[in-house]
Amino acid sequence: MKNALVLVLSFIAILLFTACSKENDKKSIEDEPVISPQAEVEIITDHLDIPWSIAKWDETFYLSERTGSIVKVEAGKKERQKVELKKVLSTAAEAGLLGFVLAPDFSKTNLAYAYYTYENSSGQFNRIVTLHMEDNIWKEEKLLLDKIPSGPVHHGGRLKIGPDGMLYATTGDAAEASIAQDTTTLGGKILRLNLDGSIPEDNPFPHAYVYSYGHRNPQGIAWSSDGVMYASEHGNSANDEINLIEASKNYGWPIIQGPEEKESMITPLFTSGDKMTWAPSGMAYFENKLYVAALRGNALLEFNLQSGEKQEVVTGLGRIRDVYVEGHSLYFISNNTDGRGVPQENDDKLYRISLLEKR
């Protein structure tokens with residue numbers, strides 16, 4: 001009886017060891033970056049602190065960090081530059097220094113545009129400002145737009161200058177879904193501004209910054225080579241979206257989501273469906289494809305606008321926050337230090353892959 005018991009216990013131990021070994025093997029495989037098709041991933045810089053946006057001028061990168069810094073990367077050297085804001089930067093979840101884009105005449109003016117979350121005695125809000133760099137310090141110079149709704153989550157935050165020379169901003173619903181359908185509010189929208197902060201005369205709603213509405217938490221904007229606008233949007237736990245954006249259109253939240261349809265509301269080009277989530281963030285366009293950073297998806301995603309197919313270009317590097325395409329190079333930043341990821345060694349990082357190798 002004793003020998004039989006020993007044999008049973010030994011058999012159980014072997015099973016447990018085998019299962020653990022398989023799990024460890026699986027984990028080690030998943031931890032390795034996977035590129036499809038095979039391409040080399042190059043690390044441009046590391047030890048970033050919750051990076052959010054990628055901007056580039058000539059050969060110099062400027063990366064915004066939610067904690068309130070701009071990281072300058074030039075000729076392999078990294079410099080963390082101080083940002084002096086006029087309001088107290090919020091430390092709420094998903095908040096902080098978010099969108100950042102250089103002015104078209106940056107080489108002459110040292111000017112950039114920024115989107116950040118702040119707190120004061122009257123509450124928590126987001127604002128869009130200009131920043132001027134002098135002696136490697138960025139100082140808030142001019143307020144362009146204030147009192148963009150902010151809540152415990154869903155701040156939006158992406159800034160891009162469109163092919164029309166206008167400044168576009170994505171705003172979240174601040175966890176109050178109903179405001180996305182209200183075109184008199186700034187939350188749950190894509191906004192369009194003149195670079196001086198005024199309202200463009202040809203905006204679709206009279207005397208309003210609103211360009212499109214019915215958004216939950218859009219965090220990416222990109223334009224095709226012929227000027228078509230696209231945006232990425234976080235769904236409600238799933239049903240993430242990639243949308244074709246047109247002026248004045250209603251993108252449905254919270255009335256419809258994902259593949260659902262309703263008259264006068266826009267259904268997305270791509271959706272993750274109700275069984276999975278990408279948590280898409282920054283995006284870029286290249287040769288009829290959209291490249292999208294996926295946070296919960298832990299991948300760099302490629303959406304083929306011609307075939308309607310989706311594939312993972314890079315996985316195994318954790319949460320991805322923003323992407324940037326220049327020439328045949330695609331740059332992206334990981335976001336594993338944001339409190340929701342598992343930081344890998346020397347995270348977070350700015351990476352590069354060649355799009356030529358994907359052809």
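Please work out if Ser237 is of a type in the set (Ser, Thr, Tyr), assigned to a loop (DSSP other than H, G, I, E, B), on the phi > 0 side of the Ramachandran plot and within 21 Å of the chain's Cα centre (by Cα).
Considered against the rule, which asks whether it is of a type in the set (Ser, Thr, Tyr), assigned to a loop (DSSP other than H, G, I, E, B), on the phi > 0 side of the Ramachandran plot and within 21 Å of the chain's Cα centre (by Cα), Ser237 comes out as yes.
Considering only the range 235-278, how many residues are closer than 17 Å to Arg296 by Cα and of a type outside the set (Lys, Arg)? Outline the logic, then answer.
First, pick out the residues of the range 235-278 that are closer than 17 Å to Arg296 by Cα: 235-242, 258, 270-278.
Checking the rest, the ones that are also of a type outside the set (Lys, Arg) come to 235-242, 258, 270-274, 276-278.
Number satisfying all stated conditions: 17.
Okay, residues lined up against (1) under 17 Å from the mean Cα position of the chain (by Cα); (2) farther than 11 Å from Gly282 by Cβ; (3) among the aromatic types (Phe, Trp, Tyr); (4) surrounded by fewer than 24 Cβ atoms within 10 Å (Cβ to Cβ):
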{"residue": "Gly297", "(1), (2), (3), (4)": "yes, yes, no, yes"}
{"residue": "Ser307", "(1), (2), (3), (4)": "no, yes, no, yes"}
{"residue": "Gln311", "(1), (2), (3), (4)": "no, yes, no, yes"}
{"residue": "Thr315", "(1), (2), (3), (4)": "yes, yes, no, yes"}
{"residue": "Ile320", "(1), (2), (3), (4)": "yes, no, no, no"}
{"residue": "Tyr324", "(1), (2), (3), (4)": "yes, no, yes, yes"}
{"residue": "Asn336", "(1), (2), (3), (4)": "yes, yes, no, yes"}
{"residue": "Arg340", "(1), (2), (3), (4)": "yes, yes, no, yes"}
{"residue": "Gln344", "(1), (2), (3), (4)": "no, yes, no, yes"}
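Take Gly96 and decide whether it is at positive phi and exposed (fewer than 12 other Cβ atoms within 10 Å of the Cβ). Let's see the steps before the verdict.
Numbers: at positive phi: yes; exposed (fewer than 12 other Cβ atoms within 10 Å of the Cβ): no.
Considered against the rule, which asks whether it is at positive phi and exposed (fewer than 12 other Cβ atoms within 10 Å of the Cβ), Gly96 comes out as no.
All but one of (1) under 24 Å from Leu193 (Cβ atoms); (2) part of a loop (DSSP other than H, G, I, E, B); (3) in contact with a Ser or Thr (Cβ under 7 Å, 6 or more places away or on another chain) hold for Ser232; state the number of the condition that does not hold.
(2)
Out of the range 55-110, which residues are part of a loop (DSSP other than H, G, I, E, B), touching a residue at least 60 places away in the same chain (Cβ under 8 Å) and of a type in the set (Gly, Ala, Ser)?
Going through the range 55-110, the residues part of a loop (DSSP other than H, G, I, E, B) turn out to be 58-59, 66-68, 75-76, 85-87, 90-96, 103-105, 110.
With the extra rule that they be touching a residue at least 60 places away in the same chain (Cβ under 8 Å), the set shrinks to 66, 90, 92-95, 103-104.
Hits for the range 55-110 are Ser90, Ala92, Ala93, Ala95, Ala103.
Go over the candidates Pro259, Pro254 one by one and state the one that is surrounded by fewer than 22 Cβ atoms within 10 Å (Cβ to Cβ), in contact with a helix residue (DSSP H, G or I) (Cβ under 6 Å, 6 or more places away or on another chain) and not hydrophobic (A, V, I, L, M, F, W, C).
Numbers: Pro259 fails: in contact with a helix residue (DSSP H, G or I) (Cβ under 6 Å, 6 or more places away or on another chain).
Result: Pro254 is the single residue among Pro259, Pro254 that is surrounded by fewer than 22 Cβ atoms within 10 Å (Cβ to Cβ), in contact with a helix residue (DSSP H, G or I) (Cβ under 6 Å, 6 or more places away or on another chain) and not hydrophobic (A, V, I, L, M, F, W, C).
Residues Ser224, Ser232: which one is in contact (Cβ under 8 Å) with a residue 60 or more places away in the chain, hydroxyl-bearing (Ser, Thr, Tyr) and in contact with a Gly (Cβ under 9 Å, 6 or more places away or on another chain)?
On the way: Ser224 fails: in contact with a Gly (Cβ under 9 Å, 6 or more places away or on another chain).
Criteria check complete, one pass: Ser232.
Just give me the residues in the range 273-298 being farther than 26 Å from Asp226 by Cα and out of contact with any strand residue (DSSP E or B) (no Cβ under 7 Å at 6 or more places or on another chain), in sequence order.
Within the range 273-298, Gly273, Asp274, Lys275, Met276, Thr277, Arg296, Gly297 qualify.
State which residue is farthest from the chain's Cα centre (by Cα) when the search covers only the range 73-122 and only residues that are of a type in the set (A, V, I, L, M) and closer than 14 Å to His155 by Cβ.
Applying the first criterion (of a type in the set (A, V, I, L, M)) to the range 73-122 yields 73, 75, 83, 85, 88-89, 92-93, 95, 97-98, 101-103, 111-112, 114.
Adding the requirement that they be closer than 14 Å to His155 by Cβ leaves 89, 92-93, 95, 97-98, 114.
Working: Leu89: 19, Ala92: 17, Ala93: 15, Ala95: 13, Leu97: 13, Leu98: 9, Ala114: 14 Å.
Here the answer is Leu89.
Suppose we keep only residues that are part of a strand (DSSP E or B) and either of a type in the set (A, V, I, L, M, F, W, C) or within 19 Å of Leu301 (Cα to Cα) (or both) within the range 34-50. Which one would you say is modelled with the lowest pLDDT?
Kept after step one, since they are part of a strand (DSSP E or B), are these residues of the range 34-50: 34-35, 42-45.
From the residues that got through so far, the ones that are either of a type in the set (A, V, I, L, M, F, W, C) or within 19 Å of Leu301 (Cα to Cα) (or both) too are 34-35, 42-44.
Working: Val34: 60, Ile35: 55, Glu42: 96, Ile43: 97, Ile44: 98.
It comes out as Ile35.
Filter the range 301-333 down to residues that are without any contact (Cβ under 8 Å) to a residue 60 or more places away in the chain and among the small types (Gly, Ala, Ser) and give me whichever is nearest to Asn243 (Cα to Cα).
Taking the candidates together, the pick is Gly308.
Are there any strands (runs of 3 or more DSSP E) wholly within the range 131-222 with 1 or more residues that are buried (at least 24 other Cβ atoms within 10 Å of the Cβ), among the hydroxyl-bearing types (Ser, Thr, Tyr) and touching a strand residue (DSSP E or B) at 6+ places or on another chain (Cβ under 9 Å), and if so which?
Strands (runs of 3 or more DSSP E) meeting the threshold: 167-170, 210-213.
The values are calculated or read from the model by the stated rules, or taken from the named source; none is laboratory data. Everything quoted here is computed from the prediction, not taken from an experiment. Every residue, glycine among them, receives a Cβ derived from its backbone with ideal geometry; neighbour counts consider all protein chains shown.
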